[in-house]
Amino acid sequence: MLALGIPSNAMMAMMIGALLMQGIQPGPPMVEKQPELFWGLIASMWIGNALLLVLNLPLVGIWARIISVPYNLLYPSILLLCCVGVFAINNNEFDILIMCGFALLGTVLTRCGGEPAPLLIGMILGPMLETYFARTMALARGDLTVFLTRPVSAVLLLATIFIVGLVCLPRFARARDRSLAE
């Protein structure tokens, strides 16, 4: 994620989002222009893992007992902490309403079978996609066939269409679901 600027999972997408909000472009420019931040982040991960090892080994019994906390107590506690955290950022009540709206949207999407991770990755990569698409259109003078005339982009576009077709076609989707169930 740090070297290429491409998130591999939802956590890395959130990390890229945080870096972009601070005006830091992840990827090769970050390694070249801000090596102290890059290596500091890697060192912090090593230190964090060492501290987790030191803290978690003696406290593993307590962490195991947290699982027995009833859901009806745990869920409101998490919700309260989220509201306090969101309010603490800007001291704005409207931010809590926005958080609740996105929580509701996430709940609906999860109940409909949607995964939150691709949505989060799309939110992070979307602005970059728009920027590079606009740049390509400016260089190609608005000609969309540039994506088909270049071999690399044509192969990637055809592979994407093929994969999306496999996922979307009902016959393949049913066969995939049956193989996953077995």
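Can you name the helices (runs of 4 or more DSSP H) wholly within segment 1-108 that have at least 1 residues being acidic (Asp, Glu) and loosely packed, with under 10 Cβ neighbours inside 10 Å?
Once the helices (runs of 4 or more DSSP H) in segment 1-108 are filtered for at least 1 residues that are acidic (Asp, Glu) and loosely packed, with under 10 Cβ neighbours inside 10 Å, what remains is 28-33, 35-66.
How many residues, within segment 118-136, are surrounded by 14 or more Cβ atoms within 10 Å (Cβ to Cβ) and either more than 12 Å from Ile16 (Cβ to Cβ) or hydroxyl-bearing (Ser, Thr, Tyr) (or both)?
Total satisfying the criteria: 2.
Residues to consider are Val146, Val152; find the one that is surrounded by 10 or more Cβ atoms within 10 Å (Cβ to Cβ), at pLDDT 75 or above and among the β-branched types (Val, Ile, Thr).
Val146
When segment 125-162 is examined, which residues are found to be part of a helix (DSSP H, G or I) and among the acidic types (Asp, Glu)?
Once the filter is applied, which keeps residues that are part of a helix (DSSP H, G or I) and among the acidic types (Asp, Glu), segment 125-162 yields only Glu130.
The values are calculated or read from the model by the stated rules, or taken from the named source; none is laboratory data. All values derive from a computational prediction rather than experimental measurement. Cβ coordinates were reconstructed from backbone atoms using ideal geometry, including for glycine residues, and neighbour counts include every protein chain displayed.
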